[in-house]
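In what follows, a structure is listed as structure tokens, so that the remarks can point back to it.
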Amino acid sequence: MPLSERERRVLQQLERELFIQDPDLARQLESGVPVHGPVQPRVRDVMAAAVGVLLILLAIPLHVVPLALVGGFLVVYAVVSHKKYKNQSPSRLL
């Protein structure tokens, strides 16, 4: 069933607005090929924080200060990385 002239105009207007608002997403949708990053940032941040807390908890009974420092660094990295990710463009395909 073909589109009416009005429906075509509306569709073209929506396409133009999408290219203006989010050109990366528009190109990705136009190509039909999804772009996958290496790891979703949320998963990476949660895993880094979990490993960091685990290292800190492991360092307490073992009395290994460098292990606790590495764990603390991982937790801080996860929080900073997650905040940076949240401040980026809200429209993403992940």
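The values are calculated or read from the model by the stated rules, or taken from the named source; none is laboratory data. Note that this is a predicted model, so its numbers are computed, not measured. Backbone-built Cβ (ideal geometry, glycine too); neighbour counts: all protein chains shown.
Quick notes
- Restricting SER91, SER81 to residues that are outside the structural domain of LEU18 (by TED's automatic domain parsing) and modelled with pLDDT of 75 or more narrows the list to SER81.
- Test result for ARG44, exposed (fewer than 10 other Cβ atoms within 10 Å of the Cβ), assigned to a helix (DSSP H, G or I) and among the basic types (Lys, Arg): no
- Selection of the range 11-24 for residues being in contact with a Ser or Thr (Cβ under 6 Å, 6 or more places away or on another chain) and either of a type in the set (A, V, I, L, M) or free of Cβ contacts under 8 Å to residues at least 60 places away in the same chain (or both) yields an empty set.
- Restricting attention to the range 59-75 and to residues that are part of a helix (DSSP H, G or I) and without any contact (Cβ under 8 Å) to a residue 12 or more places away in the chain, the residue that is nearest to ASP24 (Cα to Cα) turns out to be LEU69.
- Note on the range 5-36: residues that are surrounded by fewer than 10 Cβ atoms within 10 Å (Cβ to Cβ) and at pLDDT below 75 amount to 4.
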